[in-house]
Amino acid sequence: TKTGRPDIRAAQQSLGMAWLEDARLSGEQHKFSDITGKVVAVLDRAVSTATGSRKADLLAHLGWAEFLRSRDGVSTSPPDDLYRRALAIDARNPYAHAMLGHWILWNGGRITDARQEFSQALNAGRAHDFARQLQLAALQNTHTDDAEAELIRTANDMRKANEPVDSRTLGRIWAIYYFRLGSNARESERLLAALP
């Protein structure tokens, strides 16, 4: 809904970004575009007048909306263009860094490149929980030996920082240990080297 009140527009934008961050398919929503279609127009309008970190947040979330739409096969542009535009405005933007790290792994990129993006997102001073959630999801969706070792390193970092590790991640780590430690000595050594 268009409104002249800046506080209402800002609240709509924040709600739209939060909705995209928490986008999950449910019984009512069968496609991600069911969610993105409800918020993209609000964020698009806001980008033209926003400045600084707010504009970067909006651009990053528009990129995330493109990624979600691509899951339905309806996206027309790669989201990383929007992530990089956000970073050109706010080089420390946690959303753009975390989403870019996720995109790198989604496309089979290098763990080290993604780790750098997630590290910058986590050290930005805000949106830490979202960045961590996206990092864990990206690592769990990347089915490589390197990603499994990185997931264990990440969980250990979380343990040291007293961050909670969700049950899905714990289950994935248990499965990694279960299937790797008994299979062969070389893989066991590689896996155990991920931790001090």
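Check Arg132, Arg115, Arg159, Arg180 and return the single one that is over 18 Å from the mean Cα position of the chain (by Cα), surrounded by 16 or more Cβ atoms within 10 Å (Cβ to Cβ) and assigned to a helix (DSSP H, G or I).
On the way: Arg132 fails: over 18 Å from the mean Cα position of the chain (by Cα); Arg115 fails: over 18 Å from the mean Cα position of the chain (by Cα); Arg159 fails: surrounded by 16 or more Cβ atoms within 10 Å (Cβ to Cβ).
Result of the check over Arg132, Arg115, Arg159, Arg180: Arg180.
Taking Leu87 and the conditions (1) at pLDDT below 95; (2) among the aliphatic types (A, V, I, L, M); (3) out of contact with any Asp or Glu (no Cβ under 8 Å at 6 or more places or on another chain), which numbered condition does it fall short on, given that it satisfies the others?
Unmet for Leu87, out of (1) at pLDDT below 95; (2) among the aliphatic types (A, V, I, L, M); (3) out of contact with any Asp or Glu (no Cβ under 8 Å at 6 or more places or on another chain): (1).
The values are calculated or read from the model by the stated rules, or taken from the named source; none is laboratory data. What you see is a predicted model; the values in this text were computed from it and never measured. Backbone-built Cβ (ideal geometry, glycine too); neighbour counts: all protein chains shown.
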